[in-house]
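Notes follow the structure.
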Amino acid sequence: MTVVIFAVVALAVLGLLVLVHRWLWIRLVRDTTRPGGAWRRAGTVLAFALPALAVAALTAGRAGAPFWLQRAVSWPGFMWLAVLLYLTLAMLVAEPARALLLRRSPRHPPEPALPATPAPAAPAEAAPAASRSAAPGPAPQSPAGLGGAATSVPAGAGLDGAASAASAGSGGAAPAVPGVDGAASAGLPGLGARSDAVAGAGAEPQVREGAGRGTAPQAPTDTPVGGDAEAAAPAPAHDSAVAAGATGVTPAAGGGPGAGDGMSRRRFVARVVGGAAVAAAAGTVGYGTYGVLRGPRVKRVTVPLAKLPRAAHGFRIAVVSDVHLGPILGRAHTARIVDTVNRTQPDLIAIVGDLVDGNVHDLGPAAEPLRGLRARHGSYFVTGNHEYFSGAQQWIDHVRELGLTPLENARRPLPLFDLAGVNDVQGESEGHGPDFEAALGDRDRSRAAVLLAHQPIVIHDAVRHGVDLQLSGHTHGGQLWPGNYLAELANPTVAGLERYGDTQLYVSRGAGAWGPPVRVGAPSDITVVELASYQA
């Protein structure tokens, strides 16, 4: 049953990630680039490559991949997970702004008014209907030229009149189009193919777009004797729109190819909104990465204990948790932590789990600087859940070689109080879980007791066994906001000091980071807990 639930949850998470990546591709790639362009192709490749690297980063270590390969995929894969989180949040916030900008933008720009056509001085005599419907035959010549009669088109006919004239030219007398249309009757001497008035109007032929289209005249031309009537017909509506575009009139935006100003506006809004979201996400992740790589800061907390003797007043414990040495954080990170801890001059050092993410063979050199830890009462170590993912026993043996004292469900009586440690609850899968009876069952309860336990969830066991102070980690303080809200669902305390009955619990945010080397809203720390006596 547990396997089935895990499989269902895994499929749900995978499906959600696919939907999020597709949505981001639509908003950041499809809406901002031109089809078939280099940027569109590059964005599409990244939309597949980045999640694949993230999956590889999450699984390479447990799959037994070589350490060099783990390092190669961890940086881009884990960093993309952090960017993905904040890019998704930024785009969700920006979505209403995008919708508002598109709503306020006019989708159909107004078309400019066309100039009015002046009316001719006097209408010409209408051609008889019989002449327009005459049987096809040779066109008669005009009286002055070819000996035929000219047929005229009424002034109000406009372009339709020109079309009628064209059809007349196919079957009989060539019409003369008066007025502004300026079409001369075919073959009349002194008029030629086009009147001087039309030629002087500045009309130039417009190039028609599309297959099979030639030059579109701005005004109708004469139909030659025996010529094609279609040559004198006006351009259809499509050609008029093309001609209008050539002179600066933009067609109405429809969102499809060639929509012109409308498509450009949508792409511009998409680029502005997407660019702002990308900048916000990159800036957030960049600052969070800097906070981890510069090393943890020192935090100081005073904890009064009722049973602590006066001689132990001011006793300093440096609490280090969740270092997470691995493919990203290595030897340099360990060295920064050791230097920071030693500068605080603690009386005791407590490493409370999740020291590593990997085996001793790969990470032994990264842990080597731990030999330099210095404290008057020594350095102690308890396991975290990630030690059991990496091979807990090999690390218990190795930290002992580095000069640390492992506390495996054990207690170490110090001169002024008892120090105890329990294994992490993850060890239950290997039969080595926490054992409070072994660590605290037979102790003198009149003495103060400080317990090292990786996960805060064991606080209730600590209360039952009379522990005065429990020191924990595990939560990272949420590490990446708003992860702290999720951490609150699984832990009694996410970060800081809280009281549970007579027991106090302090949870450190940790000195490193798991997965992405990024922290947002939960800065890394090394906490110096200073014990205080009520008798002081």
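Apart from one condition, GLY378 fits all of (1) crowded, with 22+ Cβ neighbours inside 10 Å; (2) closer than 20 Å to THR527 by Cβ; the exception is (1). Restricting attention to region 383-401, which residues are open to solvent by less than 10 Å² (accessible area, probe 1.4 Å) and not in a helix (DSSP H, G or I)? Hits for region 383-401 are THR383, GLY384.
Please work out if LEU407 is out of contact with any Pro (no Cβ under 8 Å at 6 or more places or on another chain), among the aliphatic types (A, V, I, L, M) and within 21 Å of ASP362 (Cα to Cα). So LEU407 fails the test. Go through region 415-439 and give me each residue that's closer than 16 Å to GLY353 by Cβ, assigned to a helix (DSSP H, G or I) and of a type in the set (Gly, Ala, Ser). Hits for region 415-439 are GLY427, SER429, ALA439. Of all residues in region 360-382, those satisfying the criterion of being part of a loop (DSSP other than H, G, I, E, B) and either closer than 17 Å to ALA420 by Cβ or not charged (D, E, K, R) (or both) are LEU373, ALA375, HIS377, GLY378. If I ask for residues that are open to solvent by 10 Å² or more (accessible area, probe 1.4 Å), touching a residue at least 40 places away in the same chain (Cβ under 8 Å) and under 26 Å from GLN70 (Cα atoms), which ones from region 338-360 would you list? ASP357, GLY358 - these are the residues of region 338-360 that are open to solvent by 10 Å² or more (accessible area, probe 1.4 Å), touching a residue at least 40 places away in the same chain (Cβ under 8 Å) and under 26 Å from GLN70 (Cα atoms).
Given the criteria buried (at least 16 other Cβ atoms within 10 Å of the Cβ), more than 19 Å from HIS386 (Cα to Cα), touching a residue at least 24 places away in the same chain (Cβ under 8 Å) and more than 12 Å from the chain's Cα centre (by Cα), does GLY77 qualify? So GLY77 passes the test. Kindly evaluate LEU24 against the criterion of being at pLDDT 95 or above and under 17 Å from ARG267 (Cα atoms). Judged against the criteria, LEU24 is a match.
Against the numbered list (1) touching a helix residue (DSSP H, G or I) at 6+ places or on another chain (Cβ under 6 Å); (2) at pLDDT below 95, ALA65 comes up short only at (1). Within region 293-344, being outside any loop (DSSP other than H, G, I, E, B), of a type outside the set (S, T, N, Q) and over 26 Å from ALA448 (Cα atoms) holds for LEU293, ARG297, LEU325, ARG331, ALA332, HIS333, ALA335, ARG336, ILE337, VAL338, ASP339, ARG343.
Being closer than 14 Å to VAL382 by Cβ, buried (at least 24 other Cβ atoms within 10 Å of the Cβ), of a type in the set (S, T, N, Q) and at pLDDT 95 or above holds for only one residue in GLN479, GLN470, and it is GLN470. Quick check: anything in region 302-315 within 24 Å of TRP481 (Cα to Cα), at pLDDT 95 or above and crowded, with 18+ Cβ neighbours inside 10 Å? Scanning region 302-315 turns up no residue that is within 24 Å of TRP481 (Cα to Cα), at pLDDT 95 or above and crowded, with 18+ Cβ neighbours inside 10 Å.
The values are calculated or read from the model by the stated rules, or taken from the named source; none is laboratory data. It should be emphasised that the depicted structure is a prediction, and the values quoted were computed from it without experimental measurement. Note that each Cβ is placed from the backbone with ideal geometry, even for glycine, and that neighbours are counted across all protein chains shown. Accessible surface is based on the protein model in full, side chains and every heavy atom, while ligands, DNA and RNA are left aside. Shrake-Rupley method; radii C 1.70, N 1.55, O 1.52, S 1.80 Å.
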